[in-house]
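Okay, so here's the structure we're looking at.
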Amino acid sequence: MNLLQRKSRTYHDPIHGAISLSGSDPAEALLIGLIDAPEFQRLRRIRQLDVAALTFHGAEGSRFTHSLGVLAIARRIFDRLAPRYPMLAPFRTVALCSALLHDVGHGPFSHASEHIFNYDHEQWTRRILCESTQIAQLLDAFDPGLNRQLCAVLNKTHPISALSQLISGQLDCDRLDYLVRDSYFTGARYGQLDLDRIIHAIDFDPPTQTLVLSGRKQMVAIEHYLVVRHFMYSQVYYHPKNMAARFILQQALALAARYARSGELEMDEQIKAWLVLDIEQMPLQTYLASDDILFTYHLNRWRNHPDPILGDLCRRFLDRDLFKAIEVTDLADLHREFVYKRVCAAVAALGWPSTHYCTLQNTQARGYTLYEQGIFLRDGADLRELADASQLVRSLIQPETRVWLVYPREVESEVRKLLSK
C-alpha cells in the first residue's frame, strides 16, 4: 500500500464528535497507519485512569481513546495557527504524530504501575519510536528523520518550542483532553471546559517560538481551566478510594515479587519480567506484551496462592473489597504517628502484616505551577506571565497537601475511637 495514501477513516468520539482522517492527506494517511500498528492498538487494553474504575464505575476509557482526543485537539490548534504563521506549516506531521503517540509507552494500569515499579513511560515511548516496531518502521518510511524529531518534541529539545508545548506544558492538548474526558466518564462535573474559547485563545509568538495567549480578554477561560484542573486532581485523581486501590495493588505485586524470586509463584514470562527484572532492562517486546489484561489475569490466579495474605490482597483488589482511607491532615505529627501505630497494632492482632494492610499517604494538588516557563499572554507589545496578571492564578500556585490513613475496614471501629479522642 502507498504509505502516503490510504482509505479515509472517521472515529466517532463521545467528547470531540467525528474525528475524521483523510487518506489522501499524506500526514493523516500516516496517522491512520500508526493507529493500526499493534503497538498503538495495545493502548485499547490499558485504562486511562488506571484503578479509578473501582471508584467511578464509568471510568472505563482507554489510553487509545485519550490519544485520539489529544490528536483531535492538537490538529484544531495547529491548523488554526499554521495559515497565520507559515513557518509552522512544515511541522504539521511532527505535531500530529507527537500528539497521537505521546502516551504509546504507557504500561499496565497506566500511572499506577509507574509508581509501583518506579519507571517512566516516556522512556518507553522513545524506545517504541526508535527501535524495531511497526510504528518506527512507518515513521522511518515516511521520513527518515521523523523519529528523531518526535523524540526531540517529547524531550522538549525541538527548536520550535511550541511543538513540545502542544503536548506537554501548563496548557497542552494532553491536559485539555483528559480533563474533559475524565470528567465525562467519571460523572464529575468539575471538568467542563470552554474548549472552543481556549483553542481560540492560543497563539504563536515567532520571536520566542512558543505558544502564548492572544490577550487579556482570554484570561477568564484559562483561569477557569486552571480551577477545573485543581478540582479534578483534588476530587477525582486523588480520591481516597483510588489511593486505597493503588495501595492494595502495590502490596499484592510486592508480595508476588517476593515469591517470584524464590520460585514459589505461578506466572508466565511477561509477568516474571515485571516482578524479577529491572524494568529498564526489560526487552521491548516483553513490555509491549504487557497490559491490564495480563496483570488482572495473574491477580486472579494468585488469589488461590498458598500464602493467604497474597490471596487476600488479590481478592480485595479484584472484588473491590477496598481498604478505607480517612484524612488525618489536621492531626499533629506526633498524634498522627500515634494513631498510625495503634492502627497497625490492631491490624496485626487480626493476623495481617501491617506493612501490607496499613499506610500513611500524602497527596498534593495545585492548579498551577511555573512549569518550566508557565503560561504567557500578550499584554501590548510584551509577554506577561499569567500569574503576574491574575490574582486567581497566583492563589492556585500554593499546593494543597493532604495526609491520609489507609486501613482495612475490619479495624474501622478502632480508627474512629482513636480519632475521637
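The values are calculated or read from the model by the stated rules, or taken from the named source; none is laboratory data. All of these numbers come straight from a predicted model, not from anything done at the bench. Here the Cβ is made from the backbone with ideal geometry for all residues, glycine too, and neighbour counts use every protein chain on show.
Quick check on Ala346: is it without any contact (Cβ under 8 Å) to a residue 12 or more places away in the chain, of a type in the set (A, V, I, L, M) and either under 29 Å from Ala245 (Cα atoms) or out of contact with any strand residue (DSSP E or B) (no Cβ under 8 Å at 6 or more places or on another chain) (or both)? Explain how you work it out, then say what you get.
Working: without any contact (Cβ under 8 Å) to a residue 12 or more places away in the chain: no; of a type in the set (A, V, I, L, M): yes; either under 29 Å from Ala245 (Cα atoms) or out of contact with any strand residue (DSSP E or B) (no Cβ under 8 Å at 6 or more places or on another chain) (or both): yes.
No.
Mind counting the residues in segment 122-178 that are among the charged types (D, E, K, R), part of a helix (DSSP H, G or I) and in contact (Cβ under 8 Å) with a residue 60 or more places away in the chain? Working first, answer last.
Quick first cut of segment 122-178, residues among the charged types (D, E, K, R) only: 122, 126-127, 131, 140, 143, 148, 156, 172, 174-175, 177.
Now drop any that are not part of a helix (DSSP H, G or I), which leaves 122, 126-127, 140, 148, 174-175, 177.
Right, trim to in contact (Cβ under 8 Å) with a residue 60 or more places away in the chain and you get 127, 174, 177.
Counting residues in segment 122-178 that are among the charged types (D, E, K, R), part of a helix (DSSP H, G or I) and in contact (Cβ under 8 Å) with a residue 60 or more places away in the chain gives 3.
I need a count of the residues in segment 209-232 that are in a loop (DSSP other than H, G, I, E, B) and within 23 Å of Arg75 (Cβ to Cβ).
So the answer is 2.
Among the listed residues Leu21, Leu4, which satisfies the condition of being at pLDDT 95 or above and either surrounded by 14 or more Cβ atoms within 10 Å (Cβ to Cβ) or more than 14 Å from Thr65 (Cα to Cα) (or both)? Reasoning before the result, please.
Numbers: Leu4 fails: at pLDDT 95 or above.
One residue alone meets the criteria, Leu21.
Of the conditions (1) farther than 28 Å from Gly33 by Cβ; (2) in contact (Cβ under 8 Å) with a residue 60 or more places away in the chain; (3) buried (at least 19 other Cβ atoms within 10 Å of the Cβ), Asn118 satisfies every one except a single condition; which number is it?
Every listed condition holds for Asn118 apart from (3).
List every residue pair whose Cβ atoms lie under 8 Å apart, where the two residues are 6 or more positions apart in sequence or sit on different chains, the first residue falls within segment 219-233 and is polar (S, T, N, Q), and the second residue, located anywhere, is buried (at least 18 other Cβ atoms within 10 Å of the Cβ) and at pLDDT 90 or above.
Once the first residue is polar (S, T, N, Q) and sits in segment 219-233, no partner that is buried (at least 18 other Cβ atoms within 10 Å of the Cβ) and at pLDDT 90 or above comes close enough.
When Ile397 is evaluated against the numbered criteria (1) in contact (Cβ under 8 Å) with a residue 12 or more places away in the chain; (2) crowded, with 16+ Cβ neighbours inside 10 Å, which criterion, by number, is the only one it fails?
With respect to (1) in contact (Cβ under 8 Å) with a residue 12 or more places away in the chain; (2) crowded, with 16+ Cβ neighbours inside 10 Å, Ile397 is out only on (2).
So if I check each of Glu266, Glu327, which one is under 26 Å from Leu419 (Cβ atoms) and modelled with pLDDT of 95 or more? Outline the logic, then answer.
Details: Glu266 fails: under 26 Å from Leu419 (Cβ atoms).
Selected residue: Glu327, the only one of Glu266, Glu327 that is under 26 Å from Leu419 (Cβ atoms) and modelled with pLDDT of 95 or more.
In segment 255-265, which residues are loosely packed, with under 14 Cβ neighbours inside 10 Å and either in contact with a His (Cβ under 8 Å, 6 or more places away or on another chain) or of a type outside the set (D, E, K, R) (or both)?
Ser262, Gly263 - these are the residues of segment 255-265 that are loosely packed, with under 14 Cβ neighbours inside 10 Å and either in contact with a His (Cβ under 8 Å, 6 or more places away or on another chain) or of a type outside the set (D, E, K, R) (or both).
Consider Leu284 against the criteria (1) touching a residue at least 60 places away in the same chain (Cβ under 8 Å); (2) surrounded by 20 or more Cβ atoms within 10 Å (Cβ to Cβ): it satisfies all of them except one. Which criterion is unmet?
Only one criterion is unmet by Leu284, namely (2).
Val339 fails exactly one of the following numbered conditions: (1) under 23 Å from the mean Cα position of the chain (by Cα); (2) of a type outside the set (Ser, Thr, Tyr); (3) surrounded by 13 or more Cβ atoms within 10 Å (Cβ to Cβ). What is the number of that condition?
All conditions are met except number (1).
Kindly indicate whether Gln235 is over 20 Å from Arg76 (Cα atoms) and crowded, with 21+ Cβ neighbours inside 10 Å. Before you say what the answer is, go through the steps one by one.
Details: over 20 Å from Arg76 (Cα atoms): yes; crowded, with 21+ Cβ neighbours inside 10 Å: no.
Here the answer is no, as Gln235 does not meet what is asked.
Quick one: which of Leu419, Leu392 is touching a residue at least 60 places away in the same chain (Cβ under 8 Å) and out of contact with any Asp or Glu (no Cβ under 6 Å at 6 or more places or on another chain)?
Details: Leu392 fails: out of contact with any Asp or Glu (no Cβ under 6 Å at 6 or more places or on another chain).
Unique residue meeting the criteria: Leu419.
Residue check: is Leu383 modelled with pLDDT of 90 or more, under 30 Å from Ser161 (Cα atoms), of a type in the set (A, V, I, L, M, F, W, C) and not in a loop (DSSP other than H, G, I, E, B)?
yes
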